[in-house]
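The values are calculated or read from the model by the stated rules, or taken from the named source; none is laboratory data. What you see is a predicted model; the values in this text were computed from it and never measured. Glycine gets a Cβ as well: all are built from the backbone with ideal geometry, and neighbour counts include every protein chain shown. Heads up: the accessible areas ignore ligands, DNA and RNA and are worked out on the full protein's heavy atoms, side chains in. Shrake-Rupley method; radii C 1.70, N 1.55, O 1.52, S 1.80 Å.
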Amino acid sequence: AYIISDISNPGLFSLTPQVNSTGTLSYTPASDAGGTSTFKVAVQDDGGGTTDVSLPQTFTVTVNDAPEVLSVDRADPSPTNAAQVDFTVRFSESVQGVDAADFQCVATGGPTGAVVSDVSNSSGDMIVVTVDTGTGDGQIRLDVLDDGSIVSNAGGVALGGTGTAGSGNGAFSSGQAY
């Protein structure tokens, strides 16, 4: 049997660390949790005679929270007839791997040909995305797609989190429109 004790930061887990009969350590991080926890594991011999317990070994687990899209906001006045508009995309933490393929223009009411023409930078917690508005009148919204390329700078954890479309999916489609 395995004995786990002295778990620091137990709020980091929805299922605290456990060791099964084959010696495999498992745990489940709590939703939106991030941080470090230490705990001790000892082995207990349940055979006959006196109970023997090993000296405990200390383990450290670091859980990196998944970055999330917080908002996609207009950066220019609206309404507009401009050939280009900017959107500001805010993330819960600094990310990397952002490019034009991570975004989709969604047009309603008539505009055609709206496309992402520039992404201000590929990393950070705030990215400015420029959209060529195309032709016609109506609304244009910028959605964030989750193709797996956007990851946190701390730990390389993929985009995801609550408020996004699907379990662990970082897609975001509730931003402002022009």
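Here are a few things to note about the model shown:
- Selection count where residues are open to solvent by 70 Å² or more (accessible area, probe 1.4 Å) and either more than 19 Å from SER92 (Cβ to Cβ) or aliphatic (A, V, I, L, M) (or both), scope segment 21-35: 4
- Hits in segment 136-155 - residues which are within 20 Å of ALA101 (Cβ to Cβ), in contact (Cβ under 8 Å) with a residue 60 or more places away in the chain and either of a type in the set (S, T, N, Q) or part of a loop (DSSP other than H, G, I, E, B) (or both): ILE150, SER152, ASN153
- The set of residues from segment 83-93 being modelled with pLDDT of 90 or more, within 25 Å of the chain's Cα centre (by Cα) and either on the phi > 0 side of the Ramachandran plot or not aromatic (Phe, Trp, Tyr) (or both) comprises ASP86, THR88, VAL89, ARG90.
One line per residue, one yes/no per condition, for (1) closer than 29 Å to ALA171 by Cα; (2) part of a loop (DSSP other than H, G, I, E, B); (3) at pLDDT 90 or above; (4) touching a Phe, Trp or Tyr at 6+ places or on another chain (Cβ under 6 Å):
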site: ILE7; (1), (2), (3), (4): no, yes, yes, yes
site: PRO17; (1), (2), (3), (4): no, no, yes, yes
site: SER21; (1), (2), (3), (4): no, yes, no, no
site: SER26; (1), (2), (3), (4): yes, no, yes, no
site: THR38; (1), (2), (3), (4): no, no, yes, no
site: ALA42; (1), (2), (3), (4): no, no, yes, no
site: GLY48; (1), (2), (3), (4): no, yes, no, no
site: THR58; (1), (2), (3), (4): no, no, yes, no
site: VAL61; (1), (2), (3), (4): yes, no, yes, no
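- Extreme residue, farthest from ALA114 (Cα to Cα), among residues of segment 65-82 that are assigned to a loop (DSSP other than H, G, I, E, B) and under 19 Å from the mean Cα position of the chain (by Cα): ASP65
- If you filter segment 58-100 down to residues that are touching a Ser or Thr at 6+ places or on another chain (Cβ under 8 Å), over 24 Å from SER152 (Cβ atoms) and of a type in the set (Gly, Ala, Ser), you find that the one that is surrounded by the most Cβ atoms within 10 Å (Cβ to Cβ) is ALA82.
- Subset of segment 101-125 [of a type in the set (A, V, I, L, M, F, W, C), free of Cβ contacts under 8 Å to residues at least 60 places away in the same chain and either surrounded by 15 or more Cβ atoms within 10 Å (Cβ to Cβ) or over 18 Å from SER149 (Cα atoms) (or both)]: PHE103, CYS105, ALA107, ALA114, VAL115, VAL116, VAL119
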